[in-house]
Amino acid sequence: QVQLVESGGGLVQPGGSLRLSCAASGSIFSNNNMAWYRQVPGHQRELVAFITTGGYTFYQGDTKGRFTISRDNAKNMLYLQMDSLKPEDTAVYYCNKYSGSQGPDDYWGQGTQVTVSS
């Protein structure tokens, strides 16, 4: 049973920080590179960062240096530490297995809202 539950979003001021968490079922977590995606209403979903099963990380655009993706394989948990947040980071953030710039075409969780505003 595939399950993806994101949490940790909220309203923060520019320059602030948030840590997002994703509880993923073992069926999706164990054999997959995992990723955070985000989507702004009216725009395409986009990749934020991904982490491989071996721990290699990749960050899209200017998230590099500000965001840190990590995973806890024993707990099937995925995390995204977000620092130096900008208004343009405002979006609904989703976790899923990594599958290119827009992510998979299958199951998605509810996501967690991140709003960066003064």
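The values are calculated or read from the model by the stated rules, or taken from the named source; none is laboratory data. Quantities reported herein were computed from a predicted structural model and do not represent experimental measurements. So basically every Cβ, Gly included, is an ideal-geometry build from the backbone, and we count neighbours across all protein chains shown. Heavy atoms of the whole protein, side chains included, go into the accessibility calculation; ligands, DNA and RNA do not. Shrake-Rupley method; radii C 1.70, N 1.55, O 1.52, S 1.80 Å.
Values as computed for the structure displayed
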item: Number of the exception - Gln81 against (1) touching a Lys or Arg at 6+ places or on another chain (Cβ under 6 Å); (2) over 21 Å from Gly15 (Cβ atoms); (3) at pLDDT 95 or above; result: (2)
item: Residues of the stretch 68-96 classified as under 24 Å from Asn31 (Cβ atoms) and touching an Asp or Glu at 6+ places or on another chain (Cβ under 9 Å), total; result: 7
item: Flag for Thr63 being modelled with pLDDT under 95 and over 19 Å from Gly109 (Cα atoms); result: yes
item: Counted residues, the stretch 106-117 - those being at pLDDT 95 or above and open to solvent by 80 Å² or more (accessible area, probe 1.4 Å); result: 2
item: Hey, Phe58 surrounded by 13 or more Cβ atoms within 10 Å (Cβ to Cβ), more than 12 Å from Tyr94 (Cβ to Cβ), without any contact (Cβ under 8 Å) to a residue 12 or more places away in the chain and not small (Gly, Ala, Ser) or not; result: yes
item: Residues (hydrophobic (A, V, I, L, M, F, W, C) and in contact with a strand residue (DSSP E or B) (Cβ under 6 Å, 6 or more places away or on another chain)) located in the stretch 7-31; result: Leu11, Val12, Leu18, Leu20, Cys22, Ala23, Ala24, Ile28
item: Within the stretch 71-88, considering residues that are more than 16 Å from Ser17 (Cα to Cα) and not acidic (Asp, Glu), the one surrounded by the fewest Cβ atoms within 10 Å (Cβ to Cβ); result: Ala74
